[in-house]
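The values are calculated or read from the model by the stated rules, or taken from the named source; none is laboratory data. These figures come from a predicted structure and were not determined experimentally. Neighbour counts run over all protein chains shown; Cβ positions are idealised from the backbone, glycine included.
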Amino acid sequence: MRVNAIFITLLFSLTAVQSGYAQDIDITSVPFMRAALAVMTFDYFASKCKQRGGFAPDNAAQVETWQSVNGVVQIRTRLQDFERHPTQKRQLEQALAEITSKVETQHVNINPCSVALSLSKLPDAQFATVSPQILTPIDTSTKNPQEVVRPTSGKTAIAPSAVNPETVAQIHSFGFNSRPKVGIGGFVTVDIYPVVLFRNGDALTNVKGLSFSGGLAAHKRANPGEWTRWRNQGGKVQLAHKDGWKALPFQTTYAKLPNNFKLNGLFRSLSGTGTIAVGGSQSVTVWQDYRFSPDGRVVRGNGAGGQAESGDSSVVTSNIAPNQRGRYRIQGVVLHITYDDGSEERRILITDPKDPKSAIWLDGIGYARRKQ
């Protein structure tokens, strides 16, 4: 199926819900209605994808980044508020039914995983850029370390992530693997990500599993695809794959960090998407950075920007969130931050304990050190 066909169908329905505009700017505004329909459509095909075994690892990483960067959890949580707006709810449901019906009747053997992935790359689905005003913090009860909650002061925070000391004691070291991902402009780049190597020979390819509320055994039962085995064969660290053992592309492994370890410098993570790589004219860039000081202070910032060209004209947009300042401390594999507004953040931190100047990984996402 041509991806453009999905885009045209979705954009047609997004335009159709504009009549749902009302005075409740929170959820019945045009920007939020469009975002709601995009998320609902993605969830529909993602659910069917899960029934087929789920996204491939590299695609799952792309989807996870899209959801984290664009506040998809916030939008999804607020969908329940449409119960108070039956007219707008009915419009969304009708639009969703129209989209899914057209796609599935015109393309009987369609792969729902490909559709969901394509939808996440729509320019209009990059909410942090096209409609940042709808991504205000909201209350959630989730334990996902990257989902947004509202502290008492109203500032954005990241929900605390706990790692059991018994889990930390089972870790041998951290290795690094690579996978392709779609980056700025839609170009395919290489994502270098950490792998947890346990003393018993198990290997976890998603470090967030360390903070799974039910423990490692429960995470392994719930997410078997994120677990494998590792070994040191002939001086090389290898991971078990379906077709045999393969050496990690990076043979340097890192130990757990000592307590009260300090960071120093500005670390930034860049991500994005777009259509330039396939002959289009749109590019989206999202960044997040942390500036650490050896005295225990930290400043967190983030923003997003986009550019689209049509004929001789070019439109550039940007949204930069205000900085958050606070204090940090490091215990084992967890970075603890307490911001001056009272909000808190917990991230799984991985870096070279002997030389953390080049890069750090927070919840598996790489942050490169930048010049001051």
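Counting only strands (runs of 3 or more DSSP E) that sit completely within the range 243-326, those holding 3 or more residues that are at pLDDT below 85 correspond to 250-254, 265-274, 282-292, 297-310.
When the residues of the range 88-106 are filtered to those that are within 16 Å of Cys49 (Cα to Cα) and in contact with a helix residue (DSSP H, G or I) (Cβ under 8 Å, 6 or more places away or on another chain), the one that is modelled with the highest pLDDT is Thr100. Go through the range 188-204 and report how many residues are surrounded by 22 or more Cβ atoms within 10 Å (Cβ to Cβ) and in contact with a Lys or Arg (Cβ under 8 Å, 6 or more places away or on another chain). The number of residues fulfilling the criteria is 1.
For the range 112-153, a residue qualifies if it is in a loop (DSSP other than H, G, I, E, B) and modelled with pLDDT of 80 or more, and the qualifying residues are Lys121, Gln126. Against the numbered list (1) touching a Ser or Thr at 6+ places or on another chain (Cβ under 7 Å); (2) modelled with pLDDT under 90; (3) surrounded by 15 or more Cβ atoms within 10 Å (Cβ to Cβ); (4) of a type outside the set (S, T, N, Q), Val207 comes up short only at (1). Condition test on Gln88, is it within 30 Å of Gln288 (Cα to Cα) and buried (at least 21 other Cβ atoms within 10 Å of the Cβ)? For Gln88, the condition - within 30 Å of Gln288 (Cα to Cα) and buried (at least 21 other Cβ atoms within 10 Å of the Cβ) - is not met.
Does Asn177 satisfy the criteria of being among the polar types (S, T, N, Q) and either modelled with pLDDT of 80 or more or within 30 Å of Leu117 (Cβ to Cβ) (or both)? For Asn177, the condition - among the polar types (S, T, N, Q) and either modelled with pLDDT of 80 or more or within 30 Å of Leu117 (Cβ to Cβ) (or both) - is met. In the condition set (1) in a helix (DSSP H, G or I); (2) at pLDDT below 80; (3) among the polar types (S, T, N, Q), Asn109 is compliant with all but (1).
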